[in-house]
Amino acid sequence: MVLPVVSLLRVLEICWASVQNQVISCDRTDFMLSVWRLLLLFLLLLPMGVQAGKGNIHFVETIVDLKADGSAVVLYQVQWKVASGQMHGFYFQGNDRLKVAMAVDQAGAVDSRGNQYRLDLRKLSGGKWDVLLADGQGVPAGQSVTFNLPFRTDFHAAGYLGPTTAEDGRELVFFNWAPVQWDEASRQDHYTLKILTPYRLPDESVNPRSVVDTERLILTEPWVNEKYLIDYQRGPNNRLLLVFHKNNPGNRFHMQVQFYMPADWFQLNALPAQAVSTLPTQRRASASSPNSLLLVLGLAVVGAFFGVVKGKQRSMLKAREGLDEIRWENLDWTPPKLILSEFRKPGKVCKDLTSLEAAFYLEIPFKVIVSSMLNSMVLEGFVEIESESPLKVKVLNPPNLHELDEYERMFWEALRDDGELSQAELEDLMNTAVKKVQLKAWDADVEATQDYYRKKVNDFIHQAGDGAAIKEQSDAINWYFWYHNQHPYYQRHWNYDNDPARLATDMPVTVDHIIHGPLDTDIALELNVCHDACHSACHSACHSACHSACHSACHSACVSGGSH
């Protein structure tokens with residue numbers, strides 16, 4: 001059995017945390033025991049670690065669907081050639097001030113044999129993402145794999161796009177940004193940045209370059225003209241598409257562009273004053289350590305192994321520091337509208353959703369769902385609330401887990417271990433529920449299914465003799481009446497006695513970095529298995545012929561990579 005290197009690293013990190021805790025507590029006996037355990041684990045797992053896959057970047061193409069308000073959908077298409085082992089994924093980082101909201105449903109990968117994969121996107125610390133082929137799958141050496149990584153963001157809020165004025169007094173909007181740099185890219189064939197502007201070309205018979213040149217629509221900095229092959233194309237829905245292309249960019253190439261567009265293409269809102277972020281306080285390393293040569297050697301070996309594994313997974317080198325962080329808070333995230341318009345059958349109702357899955361389908365905010373689940377567990381005497389902010393509970397009488405459904409068991413396990421809920425635990429619950437709903441209701445009529453469950457809730461309330469309360473309460477409150485009182489295991493009746501959503505704002509979950517459901521974009525998000533075969537021949541001839549001598553010249557660095 002060969003574990004993916006990411007799993008191996010996670011195991012070792014947990015063990016290493018245990019060792020560090022013993023150092024801090026200065027418990028010599030426990031410390032020595034932890035070190036020996038870690039050394040033994042190191043020897044057992046070393047053969048597994050060397051099986052980690054390694055790849056080389058073949059090409060990177062970044063497409064930005066730029067909206068008039070400065071927001072955008074960004075799509076990275078990254079092709080790797082697997083050099084050794086089995087490649088499971090890579091690290092993605094280096095977006096600096098951009099707030100990334102990954103579109104998990106549109107993310108995917110396809111290998112050179114045409115096999116398609118879902119992605120498991122894991123948000124780590126510091127804006128770093130672990131991009132993995134789902135279900136532990138891997139692509140063997142000798143093949144290539146192309147990743148599709150779309151996300152939603154806001155260039156205006158991040159300061160990469162904003163208003164300015166030309167020397168002649170014209171009101172303009174600048175765009176000054178670079179997509180991420182990539183490690184393991186010494187053999188990269190090309191790096192292409194495409195920007196789909198809000199501007200719609202006037203006539204399909206008009207050449208886009210002629211329109212740009214005649215009306216001086218795009219103004220670029222001289223160094224941009226010298227650095228890239230540049231083209232103007234007709235994009236989806238007749239929108240003007242800018243193309244910046246670099247052949248053989250080399251390792252960690254900085255694909256920065258800076259250009260200017262007419263201000264009347266945009267409707268930008270004034271940005272609120274942003275608080276200056278402060279650097280996190282770093283905990284000092286403990287100065288005390290056991291005075292043992294063997295112990296020192298053991299720690300050195302373990303540290304060296306960590307260095308090897310981390311080296312195999314290295315991702316980004318932080319260079320641009322001191323930039324303000326933008327705080328985006330989402331206190332009322334709403335589950336997605338699970339719309340698959342190309343598959344759904346008008347009038348078809350999905351009748352096998354659980355009561356909690358129905359809440360997602362009815363678009364009840366996730367924090368309200370979780371707060372309601374906790375309210376029921378308090379009513380049933382399983383737990384009690386010790387504090388609301390931060391939210392902490394005390395376990396009283398554990399329930400019979402066989403009487404709870406899958407989501408309730410996940411929720412209970414999240415509470416049971418430490419009495420607290422974490423972002424990762426709640427995200428896991430949310431993603432599990434959304435995926436299950438999508439599998440069950442992929443071809444259902446959304447409106448008809450929502451009406452079915454609203455009627456089911458209302459009928460239950462009428463039968464309970466509380467029909468008069470339906471119009472007086474929100475959908476979320478009425479749903480909770482149905483959820484709690486029809487639960488086969490819950491014994492205590494709830495009769496609008498309290499607000500089950502009262503703890504919603506104290507739930508430690510913000511999911512603005514994850515998007516379920518479709519993205520509003522004109523760019524094609526589907527993977528094209530023929531992309532590599534018919535891609536590159538036209539680039540040089542097309543771009544070189546019309547490079548940028550006619551342009552008017554009036555006027556970050558982190559790297560992604562770390563294949564594993």
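The values are calculated or read from the model by the stated rules, or taken from the named source; none is laboratory data. Keep in mind that this is a model prediction, so the values were computed, not measured. Glycine also receives a Cβ, built like all others from the backbone with ideal geometry; neighbour counts cover every protein chain displayed. These accessible areas exclude ligands, DNA and RNA; they are computed on the full protein's heavy atoms, side chains included. Shrake-Rupley method; radii C 1.70, N 1.55, O 1.52, S 1.80 Å.
Tabulated data for the structure shown
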quantity: Cα-Cα over 30 Å, subset of Lys392/Lys435; Lys345/Lys456; Lys99/Lys348; Lys67/Lys392; Lys99/Lys436; calculated: Lys99/Lys348; Lys67/Lys392
quantity: Relative contact order computed over the range 54-265 (Cα-Cα under 8 Å; 6+ residues apart), in percent; calculated: 25
quantity: Convex hull per residue volume in Å³, alpha carbons only, for the range 44-178; calculated: 133
quantity: Rounded to the nearest 10 Å², the accessible area of Asp445 at probe 1.4 Å; calculated: 30
quantity: Highest average packing first - 177-186, 119-128, Cβ atoms within 10 Å; calculated: 177-186, 119-128
quantity: Charge context of Leu219, other residues only, Cβ under 14 angstrom, K/R +1, D/E -1; calculated: -4
quantity: Cut-off under 5 Å, modelled amide H: who pairs with Thr164 long-range; calculated: Leu172, Val173, Phe174
quantity: Packing-based ranking, highest mean first, of 245-253, 398-406, 61-69 given that Cβ atoms within 10 Å are counted; calculated: 61-69, 245-253, 398-406
quantity: Between the range 61-92 and the range 424-454, the Cα center-to-center distance that results, in Å; calculated: 27
quantity: Peptide ranges 415-423, 202-210 listed from the most packed, as the mean C-beta count within 10 angstrom indicates; calculated: 415-423, 202-210
